[in-house]
Amino acid sequence: MRIDCHLHTNRLSCCSLIPPERACELAVSRGLDALLLTEHNQYWEMETLATLQAGHPGIKLYSGVEIAMAEGYHLVAIGPQLFRGMVPFLTLGQLKALARDHREDLFLFVAHAFRYDPTPLPTLPKILTFCDGLEMSSINILRGHVVNNGTPMLPDNHALYQQHLLHYNLTPVFNTDGHDEAAVGSIANDLEVSTLPADEVALAHLFKTTCPECFQNQELLADHPLLGSRG
């Protein structure tokens, strides 16, 4: 199973340039088996997602969310929907309250933790202690930071990500954090499965019990406009 668990569409994320239909088409043509749509601070309604799914049977679709935390970090949630509508940001305490009855069915990972600043905020230990995974690669992690153009392509602060991954015993996660067509299919998680998870809860359990391998399409990454000037 090859899945991107961090992708934004222009249906619900104003920063994205990708129509959801186009994201599905590109994902299929570029070899993905599944997509987790993670809009900023809101979930896809399940009926709307089902309509999109019906039009694109070649890709399995799931609804997640990227949550802006008051503590200064962004978390991606996989599993049951924790809230309805738009939530501008949450404190860690509020998120814990929302997740209290669902924690076993919820997989949380920190997105692009050191994208802008290599110095962790004082809030990061509490965030990582509560989470299950750490995003290790994405377009936003690599942009302006690439030092290894091999396979996989790594950022110059990879050791910092690796240090926190190991210290907090987290699952590594690999995604595009895609906001444009060029990103779709360039980075993903490879997991050994017999069948695709039936829903978001099953997907969360898969990530809780399986460590994915990093997939990178080097041609797509080489052509991505945000990675054009690589260190």
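Bear in mind these aren't lab numbers, they're just calculated from the coordinates by the rules spelled out. Since the model is a prediction, treat every value here as computed from it, not as a measurement. Neighbour counts are summed over all protein chains in view; Cβ atoms, including those assigned to glycine, are modelled from backbone coordinates with ideal geometry.
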Theoretical FRET efficiency, 1/(1+(r/R0)^6), r = Cβ-Cβ of THR91 and GLU219, R0 25 Å, to 0.05: 0.05
Distance from segment 159-231 to segment 68-97 (C-alpha centre basis), Å: 21
Summed side-chain charge close to LEU108 - residues other than LEU108 whose Cβ falls under 14 Å, Lys, Arg +1, Asp, Glu -1: -2
Long-range Cα-Cα pairs in segment 76-167 (distance over 22 Å), rounded percent: 36
Where a label projected 7 Å from the Cα of THR129 along Cα→Cβ would reach, residues of segment 100-121 with amide N under 18 Å: 100, 108-110, 120-121
Cα-Cα pairs of segment 2-227 separated by more than 27 Å (percent): 26
Point-charge dipole on Cβ atoms (K/R +1, D/E -1) for segment 2-227, about Cα centre, debye to 20: 440
Net lengthening on full extension, LEU17/ARG103 (0.36 nm per residue, minus Cα-Cα): 27.7 nm
About the Cα centre, charge dipole magnitude for segment 37-119 (Lys/Arg +1, Asp/Glu -1 at Cβ), debye: 80
Linear extension gain, GLN163 paired with TYR116, 0.36 nm per residue minus alpha-carbon span: 15.2 nm
Rounded to 5, the percent of DSSP beta bridges in segment 2-227 classed as antiparallel: 50
Helix-only [θ]222 nm of the chain, DSSP H runs n ≥ 4, -39500 (n - 2.57) each, per residue, nearest 500: -7500 deg cm²/dmol
Overall dimensions of segment 158-231 as given by Cα atoms, namely Rg and Dmax in Å: 14.6, 41
